[in-house]
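Enquirer: Below: one structure in structure tokens.
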Amino acid sequence: MKILWVKTDFLHPTTRGGQIRTLELLRCLHRRHEIHYVAFHDPREPEGLARASEYCSKAYPIDFQLTDKASPAFLVELLEGLFSSTPVSIQRCVSSAMKAQIEQLLHKERFDHVICDFLSPAPNIPQLESCVLFQHNVEAVIWKRRTEHASDALRRFYLKRQADRMFRYEGAVCKKVRKVIAVSEDDAALMRDWYGVPGIDAVPTGVDAEYFKPRSPVPPAIDLVFVGSMDWAPNIDGIDWFQREVLPVLLRKKPDCSIAIVGRKPPRAVQQLAETYPRIQVTGTVPDVRPWLWGSKVSIVPLRVGGGTRLKIFEAMAAGIPVVSTTVGAEGLGAKDGETIRLADSPEKFAESCLSLLDDAAERQRLSERALHMITSLYSWEAAATAFENSLTDPHGGSR
């Protein structure tokens, strides 16, 4: 097959879950298909374009820099978002240059499939009705949950407006495209219900278990580890909830508990945790997350907001450490509470789940061994890529 793949970023440095999923799928697909890849190119990150040949036959970079969220220009975008009918997260990705490049390719080349990877490139793709939307999240769910957990009335007002607009925009795109592919049956079912789009396909999440397998026994030096991009709102909210609600309970019972927060671009509020609590490390970007997983006793996923599936959970399982997560954090993965994961939604239960595992090496081993068996037997990237191929070629699947 000859596939045109459109995304808003190149895939290196690989620091976000959506990048990991796309990268691993495309590495498999590229071995047997011709992939043409269109994406925004940030000159400040030349590695992205330089390594594109690892997963595509030809790359088409579009010079474009998303507005820095710490800049005054981003504040202007947020204010403009009060008056635009398009969600601000979509509007900031509109590019006439990307649209022109795609129009040129569609006129020049004959593609078997056009993939819109995430919702954000959608306004730049002409003829959406012939496109396949690859939805890593149900975007409106994220905005709805952010609204529910907003810290004040002003934020709640703004987020509610964005959630409503995202619901309308996402629904319109899902109805217009040729097919929608979700990353879990949970997401597929929700989009069928919310948007009235029948027959949405779902492909499983994968993990490279061999890559995350410890090379040699590593004695844990850290009690709890969180791995995730710290410039993503759901991760910021999760760490904020953890430090406000869970951490005081933990420290009352285990004052020497050590915690590592591993992920790129932590905001100032997260960095200050390391200044306030000597046993907390905030790393920022690291070249390799595996040593942090291998060197920790328990992986935590304290998310209250999110959508899609969390690759960080499968990666921790592959690294051989048990996971404590909220129910939201583990959505769509098929992990069972008490068998392959510990699920906890209240601060007290989350803290108790962490403490009981920290105090019981045998239970940590039992839980991690069952989780490792689950992912190695059911969740490979090759299986996910095959499911993606089957969805593209199945005339009876999809939303049309």
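Coordinate-derived values only; no laboratory data. These figures come from a predicted structure and were not determined experimentally. Reconstructed Cβ throughout: ideal geometry from the backbone, glycine too, with neighbour counts over all protein chains shown.
Enquirer: Roughly how many debye, to the nearest 20, is the charge dipole of the chain about its Cα centre, given +1 on each Lys and Arg Cβ, -1 on each Asp and Glu Cβ, and no other charges?
Expert: 360
Enquirer: Within region 275-361, which trypsin sites (Lys or Arg not before Pro) sit in a loop by DSSP and count at most 14 neighbouring Cβ atoms inside 10 Å?
Expert: LYS336
Enquirer: Taking the chain as a Gaussian network, Cα atoms linked when under 10 Å apart, which of LEU250, LEU358, LEU66 shows the biggest mean-square fluctuation?
Expert: Largest GNM mean-square fluctuation: LEU66.
Enquirer: Then there's this: How large is the helix-only mean residue ellipticity at 222 nm for the chain, computed as the sum of -39500 (n - 2.57) over DSSP H runs with n ≥ 4, divided by its residue count, in deg cm²/dmol to the nearest 500?
Expert: -13000 deg cm²/dmol
Enquirer: Which of rounded, prolate or oblate describes region 245-371 when judged by the alpha-carbon gyration tensor and an a/c cut-off of 1.5?
Expert: Note, shape of region 245-371 comes out rounded.
Enquirer: Given the Cα-Cα distance of GLU80 and GLN127 and 0.36 nm per residue of separation, how much length would full extension add, in nm?
Expert: Stretched fully, the GLU80-GLN127 segment lengthens by 14.2 nm.
Enquirer: Calculate how large, on average over all directions, the projected area of the Cα convex hull of region 1-109 is; give the answer in nm² to one decimal.
Expert: About 7.8 nm², averaged over all directions.
Enquirer: What is the calculated FRET efficiency for ARG268 to ALA383, with r their C-beta to C-beta distance and R₀ = 51 Å, to the nearest 0.05?
Expert: That gives a FRET efficiency of 0.80.
Enquirer: I want to check the label-to-label distance for LYS213 and THR14. Put each point 7 Å from Cα in the C-beta direction and report it in nm to one decimal.
Expert: 1.8
Enquirer: Mind checking the full-extension length gain between GLU245 and LYS99? Use 0.36 nm per residue of separation minus the Cα-Cα distance, one decimal, nm.
Expert: 48.0 nm
Enquirer: Based on the inverse mean of 1/r over its pairs of different Cα atoms, what is the Kirkwood hydrodynamic radius of region 126-237, in Å?
Expert: Here the Kirkwood hydrodynamic radius works out to 16.8 Å.
Enquirer: Please work out how much length the chain gains when fully extended from ALA153 to GLU348, using 0.36 nm per residue of separation minus the C-alpha to C-alpha distance, in nm with one decimal.
Expert: Full extension of this stretch gives 67.5 nm more.
Enquirer: Hey, if you drop one equal point scatterer on each alpha-carbon of region 143-191 and run the Debye formula without solvent, what base-10 log of I(q)/I(0) do you get at q = 0.18, 0.32 Å⁻¹?
Expert: -0.66, -1.09
Enquirer: How many percent of DSSP beta bridges within region 1-104 run antiparallel, rounded to 5?
Expert: Taking every DSSP beta bridge within region 1-104, about 0 percent pair in antiparallel fashion.
Enquirer: Counting alpha carbon pairs within less than 8 Å and at least 6 residues apart, what relative contact order, in whole percent, applies to the chain?
Expert: In percent, rounded to a whole number, it is 16.
Enquirer: Still on this structure, I have one more. May I ask you to work out the translational diffusion coefficient for the chain at 10 °C, viscosity 1.306 mPa s, via Stokes-Einstein with Rh from the Kirkwood sum over Cα pairs, reported in whole µm²/s?
Expert: 72
Enquirer: Which of the listed residues, TRP294, VAL246, LEU106, is farthest toward the dipole's positive end in the chain, when Lys, Arg count +1 and Asp, Glu count -1 at the beta-carbon?
Expert: Working it through, the farthest residue towards the positive pole turns out to be LEU106.
Enquirer: Right, here's the next one. Let me know the charge dipole size of region 246-329 about its Cα centre in debye, to the nearest 20, where only the beta-carbon of Lys, Arg (+1) and Asp, Glu (-1) is charged.
Expert: 180
Enquirer: Here is a follow-up. Report the label-to-label distance for LYS160 and GLU339 in nanometres (one decimal), using points 7 Å from each Cα along the Cα→Cβ vector.
Expert: The answer from the label model is 4.1 nm.
Enquirer: Then there is this: Sorted by mean Cβ packing within 10 Å, highest first, what order do the peptides 271-277, 25-31 take?
Expert: Final packing ranking: 25-31, 271-277.
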